[in-house]
């Protein structure tokens, strides 16, 4: 299934946002020229672009809290947009050939494994963008943290964690919700090979990392261009190109794509100089590790016949100054295997991690994890599939089980390894590398061996409880 966000991610998102931004700026500039009689020479150095104006009249003062009604309205628009795209482009969504309740229950019951049959860019680019858009919809309606920017301020990290939680809830609604979801409209998960859990994990976890990356781009790249370049159209394009997910969220909420909470003024936007907190206000990180840690991972390992690439999430809970209990869930999709064969691997492990009490920015760790491994493999018989597709033109479509065969294996697994994190501040770190030796005792499948060797991880790490 190719989602709307995947299509945008495949190449049209940035140009679309840029086109919206550019055309909107041209219109707004014409209006400004026809209505303005004042001397703007004094603003020549600070003008950026027409001030973003919402469809609804802005209020001078907003009470602190979450504007739930507005949030649900905007989320519904996004949900409607995604499902309209699915319905228009996916014949199987329009004609699932199942009664509603039976199809919905079958979709929930069929969930298993990691891969859902979608291309890599759909799972690991399109869906994280969906998570980022829903997260930005939250930030637009969370008035207490509406004006926070990337940096050391704890308020920023609290805001993004709240947005990440909402992104997870929105993701689950789009996947398995009882009304407007893939399971309800089209009964997607009831059919091969859409049963995997990859989107449930990747959308909110990597989506949170995507949000933080766009915030970094906005703070350092966009602000830099706005200080150096006077052409407002260039500034518009940079804002849209560097923050595609935020731009789409702005449009859904009824604002200009390039809108920012920091914007101010009547018909122009003035750039306010950055005023970072003095370094003295950011005390050194205390020895030990954070009480709670969450990481969004990307990882890869070489297997017999191909490479397994994917991602997942890791949660770590501190039990004392140097030790953590780690819960790790990761999945990957096999590449390079035979045509008409798909396969995926899902690992779920728990175990101790030791982190030395260092105060520098480079922090090593070592860990040993124990748990399970599930291998899933599907064979498609192309001749049978072609026959059923031809038959489906005149009769209801046949279930995929008529032309596929699925195999599953479960077994014990363990992993031992080391890693190195680069701490930017007390809240954010980047996992430079995680090198683990993984051994699975799951029985091999045809052309698909269980994990047995080294795997490499990298990702974004959030520390909570240290700020």
Quiz item: Does residue 426 qualify as being more than 22 Å from residue 338 (Cα to Cα), touching a strand residue (DSSP E or B) at 6+ places or on another chain (Cβ under 8 Å), in the same structural domain as residue 353 (by TED's automatic domain parsing) and outside any strand (DSSP E or B)?
Solution: yes
Quiz item: Filter segment 431-461 for residues that are at pLDDT below 90 and within 14 Å of residue 296 (Cβ to Cβ); which is surrounded by the most Cβ atoms within 10 Å (Cβ to Cβ)?
Solution: 461
Self-check item: Neighbours by Cβ (under 7 Å, 6+ apart or cross-chain): first from segment 245-260, free of Cβ contacts under 8 Å to residues at least 60 places away in the same chain; second in a loop (DSSP other than H, G, I, E, B) and buried (at least 23 other Cβ atoms within 10 Å of the Cβ)
Solution: none
Quiz item: Has segment 368-380 got any residue that is without any contact (Cβ under 8 Å) to a residue 40 or more places away in the chain and in contact with a strand residue (DSSP E or B) (Cβ under 9 Å, 6 or more places away or on another chain)?
Solution: yes
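Residues of segment 277-295 being at pLDDT 85 or above and either surrounded by 16 or more Cβ atoms within 10 Å (Cβ to Cβ) or assigned to a strand (DSSP E or B) (or both), which ones? It would help to see each step written out before you state the result.
First pass over segment 277-295, keeping only residues at pLDDT 85 or above: 291-295.
292, 293, 294, 295, listed by residue number.
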Quiz item: For segment 139-195, which residues satisfy the criterion of being over 20 Å from the mean Cα position of the chain (by Cα) and part of a helix (DSSP H, G or I)?
Solution: 143, 144, 145, 154, 155, 188, 189, 190
Quiz item: For residue 225, which of the numbered conditions (1) buried (at least 19 other Cβ atoms within 10 Å of the Cβ); (2) over 29 Å from residue 70 (Cα atoms); (3) touching a helix residue (DSSP H, G or I) at 6+ places or on another chain (Cβ under 6 Å) fails to hold?
Solution: (1)
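Going by what's in this entry, would residue 86 be described as buried (at least 19 other Cβ atoms within 10 Å of the Cβ), in a helix (DSSP H, G or I) and in contact (Cβ under 8 Å) with a residue 60 or more places away in the chain? Give the derivation first.
Values: buried (at least 19 other Cβ atoms within 10 Å of the Cβ): yes; in a helix (DSSP H, G or I): yes; in contact (Cβ under 8 Å) with a residue 60 or more places away in the chain: yes.
So residue 86 passes the test.
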Quiz prompt | Single residue of segment 53-83 satisfying the filter (surrounded by 14 or more Cβ atoms within 10 Å (Cβ to Cβ) and touching a strand residue (DSSP E or B) at 6+ places or on another chain (Cβ under 9 Å)) that is modelled with the lowest pLDDT | solution = 66
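Can you find a residue in segment 405-423 that is at pLDDT below 65, under 21 Å from residue 317 (Cα atoms) and either out of contact with any strand residue (DSSP E or B) (no Cβ under 6 Å at 6 or more places or on another chain) or surrounded by 20 or more Cβ atoms within 10 Å (Cβ to Cβ) (or both)? Spell out how you get there, then give the answer.
Of the residues in segment 405-423, the ones at pLDDT below 65 are none.
The answer is no, given that none of the residues of segment 405-423 is at pLDDT below 65, under 21 Å from residue 317 (Cα atoms) and either out of contact with any strand residue (DSSP E or B) (no Cβ under 6 Å at 6 or more places or on another chain) or surrounded by 20 or more Cβ atoms within 10 Å (Cβ to Cβ) (or both).
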Practice problem: Could you tell me which residue of segment 308-340 is modelled with the highest pLDDT, considering only residues that are surrounded by fewer than 19 Cβ atoms within 10 Å (Cβ to Cβ) and more than 28 Å from residue 352 (Cα to Cα)? | Solution: 335
Quiz item: Given the conditions (1) buried (at least 22 other Cβ atoms within 10 Å of the Cβ); (2) in contact with a helix residue (DSSP H, G or I) (Cβ under 6 Å, 6 or more places away or on another chain); (3) at pLDDT below 90, and given that residue 133 satisfies all but one, which numbered condition is not satisfied?
Solution: (3)
Practice problem: Check whether at least one residue in segment 239-247 is assigned to a loop (DSSP other than H, G, I, E, B), in contact with a helix residue (DSSP H, G or I) (Cβ under 6 Å, 6 or more places away or on another chain) and closer than 26 Å to residue 74 by Cβ, and report yes or no. | Solution: yes
Practice problem: Mind listing just one residue for me: the one in segment 173-211 that is surrounded by fewer than 21 Cβ atoms within 10 Å (Cβ to Cβ) and touching a strand residue (DSSP E or B) at 6+ places or on another chain (Cβ under 9 Å) and, of those, nearest to residue 136 (Cα to Cα)? | Solution: 197
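The values are calculated or read from the model by the stated rules, or taken from the named source; none is laboratory data. For clarity, every value in this text was computed on a predicted model and none was experimentally measured. Glycine gets a Cβ as well: all are built from the backbone with ideal geometry, and neighbour counts include every protein chain shown.
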